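Trainee: Below is the structure I would like to discuss, written out as structure tokens.
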Amino acid sequence: MLALSLWAAGCAMTDAKFPVVVGASITKSDLVPCSDYGSATNYAGGPYYIRDPETGRVARRHEGIDFCTAPGAEVLAAATGTVVQLVREDPHRGGRVTIRTRIRYPDGAITQTLFVDALHIKPREDLRVGDDVVAGQVIGHTEPPGKLQIGSRSHVHLSAGPGPWTWITHTDPNRFWQKGAGIVTCFDAGNPPTDTQIVAPVRC
Ligand SMILES: [Zn+2]
């Protein structure tokens, strides 16, 4: 009985850290990501383990969705909004662009504004904090593989949450796809998303 209650407590902590896990549909999605939100394995199938070199913080479950691409591939804004954070380059993880979207969503008892973060990318050189971007617009390019937190494949790590620090407070981006929760949606210029929907950050 004691063991059972300890196990249950462990579970509750895990669930609190990943409050909503929708996951991407393998059959309905336009594009299946190479690593999904909440996964305990990385895109290569090994155990997920990231230690932040500055803070020492360790994550054992994947707090975003990885879209594997060729190095130098175009990275698209996943949602319409305003650029609020821009890192040109980082020796461990590459650059990032964070967009404050126009998406409002329930998070427990309160309503939050969604921020989306594209990580492991080279932001477009003319992009500035404060710029407004439209979903599907090119915001940068993927980095080559090899950095500690990029690993062996070029990819965009798409994370989402109620603030610009989406690696600390996060939610499953799969909640917000244009075609519905769990259905990863590719950008289609002939059928763009509304301001309250997201699309994949890579072309497909
Ligand atoms: Zn990732």
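Trainee: I'm trying to understand the selection: among the residues of segment 179-204, which are within 17 Å of ALA73 (Cβ to Cβ), at pLDDT 95 or above and part of a loop (DSSP other than H, G, I, E, B)?
Mentor: VAL184, CYS186, PHE187, VAL199, ALA200, PRO201, ARG203
Trainee: Conditions first: (1) surrounded by 18 or more Cβ atoms within 10 Å (Cβ to Cβ); (2) within 22 Å of THR171 (Cβ to Cβ); (3) in contact with a Gly (Cβ under 8 Å, 6 or more places away or on another chain); (4) of a type outside the set (Ser, Thr, Tyr). ARG61 passes all but one, so which condition is the exception?
Mentor: Failed condition: (1).
Trainee: Go over the candidates THR41, THR80, THR69 one by one and state the one that is within 13 Å of the ligand (Cβ to nearest atom), of a type in the set (S, T, N, Q), modelled with pLDDT of 95 or more and within 16 Å of the chain's Cα centre (by Cα). Lay out the reasoning, then the answer.
Mentor: On the way: THR41 fails: modelled with pLDDT of 95 or more; THR80 fails: within 13 Å of the ligand (Cβ to nearest atom).
Going through THR41, THR80, THR69 in turn, just one is within 13 Å of the ligand (Cβ to nearest atom), of a type in the set (S, T, N, Q), modelled with pLDDT of 95 or more and within 16 Å of the chain's Cα centre (by Cα): THR69.
Trainee: Against the conditions (1) away from the ligand (no atom under 16 Å from the Cβ); (2) assigned to a loop (DSSP other than H, G, I, E, B), where does ARG102 fall short? Just the number, please.
Mentor: With (1) away from the ligand (no atom under 16 Å from the Cβ); (2) assigned to a loop (DSSP other than H, G, I, E, B) applied to ARG102, the lone miss is (2).
Trainee: Kindly indicate the residue of segment 157-192 that is small (Gly, Ala, Ser) and away from the ligand (no atom under 16 Å from the Cβ) and also surrounded by the most Cβ atoms within 10 Å (Cβ to Cβ) among those meeting that condition. Lay out the reasoning, then the answer.
Mentor: Pass one, segment 157-192, residues small (Gly, Ala, Ser): 159-161, 163, 180-182, 189-190.
Keeping just the survivors that are away from the ligand (no atom under 16 Å from the Cβ) gives 163, 180-182, 189-190.
Values: GLY163: 15, GLY180: 14, ALA181: 14, GLY182: 17, ALA189: 6, GLY190: 4.
If we take residues in segment 157-192 being small (Gly, Ala, Ser) and away from the ligand (no atom under 16 Å from the Cβ), then GLY182 is surrounded by the most Cβ atoms within 10 Å (Cβ to Cβ).
Trainee: State all residues of segment 55-89 that are outside any strand (DSSP E or B) and free of Cβ contacts under 8 Å to residues at least 24 places away in the same chain; if no residue qualifies, say none.
Mentor: THR55, GLY56, ARG57, ARG60
Trainee: May I ask you to verify whether GLY130 is within 13 Å of the ligand (Cβ to nearest atom) and more than 15 Å from the chain's Cα centre (by Cα)?
Mentor: no
Trainee: A follow-up question, please. From (1) out of contact with any Asp or Glu (no Cβ under 7 Å at 6 or more places or on another chain); (2) within 13 Å of the ligand (Cβ to nearest atom), pick out the condition that doesn't hold for VAL32.
Mentor: (2)
The values are calculated or read from the model by the stated rules, or taken from the named source; none is laboratory data. Bear in mind the structure is a predicted one, so any value in this text is a computation, not a measurement. A quick note on method: Cβ atoms are made from the backbone with ideal geometry, for glycine too, and the neighbour counts reach across all protein chains shown.
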